[in-house]
Amino acid sequence: MDLAFPHVFLWTLLAFLLTWTVFYVNNRRKKVAKLPDAATEVRRDGDADVIIVGAGVGGSALAYALAKDGRRVHVIERDMREPVRMMGEFMQPGGRLLLSKLGLEDSLEGIDEQIATGLAVYKDGQKALVSFPEDNDFPYEPTGRAFYNGRFVQRLRQKASSLPTVQLEEGTVKSLIEEKGVIKGVTYKNSAGEETTAFAPLTVVCDGCYSNLRRSVNDNNAEVISYQVGYVSKNCQLEDPEKLKLIMSKPSFTMLYQISSTDVRCVMEIFPGNIPSISNGEMAAYLKNTMAPQVPPELRKIFLKGIDEGAQIKAMPTKRMEATLSEKQGVIVLGDAFNMRHPAIASGMMVVLSDILILRRLLQPLRNLSDANKISEVIKSFYVIRKPMSATVNTLGNAFSQVLIASTDEAKEAMRQGCFDYLSSGGFRTSGMMALLGGMNPRPLSLIFHLCGITLSSIGQLLSPFPSPLGIWHSLRLFGAEGVSQMLSPAYAAAYRKSHMATTAL
Ligand SMILES: Cc1cc2nc3c(=O)[nH]c(=O)nc-3n(C[C@H](O)[C@H](O)[C@H](O)COP(=O)(O)OP(=O)(O)OC[C@H]3O[C@@H](n4cnc5c(N)ncnc54)[C@H](O)[C@@H]3O)c2cc1C
């Protein structure tokens, strides 16, 4: 017994030591294993107040605006290189004013940007020079800027990432993380190719016109209206470069503008269904043989230069998509992922900047963004407050693009001529229309007033030199289903395009 006691004691001590060692090692392992979870948890609790998907025009400007208000912003952008694309190359005077209100006016400086004071409009040998009005109540310099979009986007990204509370990371967002109808964050592939997550009380989807993510928030669908086909003619300068050249050609408009001190953008609208192939050279031949003869002689050499030098021809779909309010909480969709209109009036960037300004002001009173119900209220107010401006711009884009489509129908052709006459008539008509087009006065009443004015001008065209029965009939059509109502209604506009595509061969 006496010998057995120390034996048992020793064995018990050994067992205790062993158990303790196993427990200790195991526990340490668990602690180490817990570290990544803890890191995730820290992130979940909110390294960022806001996650922004996409650092294009909207995402970068929003990151800057929110960070200026002290928010911690995590921006995830799939490609940090300078974008090379054929969109967002002209900022209207109204857009420049909004940039200045956001403190971003210098992002349009030092990028070889070109001043634009108005338009040179061409139709069937006629030419009109029209300027953005100077005697308007508009509180900013009444000029626009043309530039390479990629340079502008890089400047916006630099501005955003210069603020200490902005984390601008390269990565591709794969999906939104949703819990019980509330968006909590995103899963994304970072630049090392690892799948990872980020959490924040508010996620802003700003991933552009090809957005994949908007479908998990909204059920609105984009409609492809037409294609913008274009290229750059290098090492040349337009005569009177401060006027963007708008040619009322067939099947629709053609534009030429100085995009840098040495380069000229040539772009035109073509409709789906019969688009020549770019890859096999049919498009270049079409531009040369069908479009170039319609370009006024003083611009033709520059128009042909790019084609002859083998400039890369691009085709961008023109999309239209109405804005819809999402049921989901903790998320907001902005920019082209939210709302698109015809680019004939080059105002998409202006709308997104206006939206950012409104959203920022609505968020400013909230100390933190963690109350999903309060954020939902903000989003609902945002949706209402943005309407007058966005509806005016969207409707103008729709109406203006309709008027620019050539037609064999006498009433529609009168509308086209009426638009040219109205724009070039001088006085309050020209200044009013240019203030609308320049985003200097984006008000619904002004829009309706000038659209009615164009219709009356078109009717004058049909009834001169004296009213014939056919002229009266076409005039009545302009006031009814073919006129203002058609221009204002998207449903009519879609029908118009369909009939145009059926009757017009390229
Ligand atoms: C042909 C054409 C011409 C136009 N011309 C003009 C014009 O002259 N003036 C004007 O004001 N407007 C113009 N617009 C409209 C304007 O370009 C857009 O309204 C504007 O660029 C929208 O900004 P955005 O931030 O929503 O999208 P974008 O500027 O396109 O930015 C989207 C960003 O999201 C990133 N992204 C996409 N998916 C992901 C993902 N899954 N994860 C991470 N990042 C992602 C993209 O890389 C991109 O950087 C034009 C449009 C078209 C189609």
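All of the numbers you see were taken from the coordinates with simple rules; none came from a lab. Owing to the predicted nature of the structure, the values given are computational and were not obtained by experimental measurement. Heads up, the Cβs are rebuilt from the backbone with ideal geometry, glycines too, and the neighbour counts pull from every protein chain shown.
For the cross-link pairs 68/159; 189/380; 101/159; 184/319; 123/250, which exceed 20 Å when the distance is taken from alpha carbon to alpha carbon?
Checking Cα-Cα distances, 189/380; 184/319 exceed 20 Å.
Kindly provide the Kirkwood hydrodynamic radius of region 116-164 in Å, to one decimal, from all pairs of distinct alpha carbon atoms.
For region 116-164, the Kirkwood estimate is 14.1 Å.
Starting at 0 and stepping by 10 Å, how many percent of the alpha carbon pairs of region 223-319 end up in each bin?
All Cα pairs, binned at 10 Å, distribute as 16, 53, 27, 3 percent.
If you keep only loop residues by DSSP, which trypsin sites (Lys or Arg not before Pro) in region 312-395 have at most 11 other Cβ atoms within 10 Å of their Cβ?
367
Give me the compactness ratio for region 282-434, meaning the Cα radius of gyration over 2.2 N^0.38 Å.
1.43
Going by average Cβ density within 10 Å per residue, which order do the peptides 388-394, 93-99, 49-55 take, highest to lowest?
Packing proxy ranking, top to bottom: 49-55, 93-99, 388-394.
Can you pull out the trypsin sites (Lys or Arg not before Pro) in region 122-191 whose DSSP state is coil and whose Cβ has at most 14 other Cβ atoms within 10 Å?
180
Hey, could you grab the Kirkwood Rh for region 90-151? Inverse mean 1/r over distinct alpha carbon pairs, Å, one decimal.
12.9 Å
So what is the diffusion coefficient of region 251-303 in µm² per second by Stokes-Einstein at 4 °C and 1.567 mPa s, using a Kirkwood Rh over Cα pairs?
107 µm²/s
Give the relative contact order (percent, whole number) for region 223-319; include only Cα pairs under 8 Å separated by 6+ residues.
41 percent
Looking at region 313-422, which GluC sites (Glu not before Pro) are DSSP coil and have at most 13 other C-beta atoms within 10 Å of their C-beta?
327
Out of every Cα pair in region 103-204, what percent are spaced more than 19 Å from each other?
That tail contains 67 percent of the Cα-Cα pairs.
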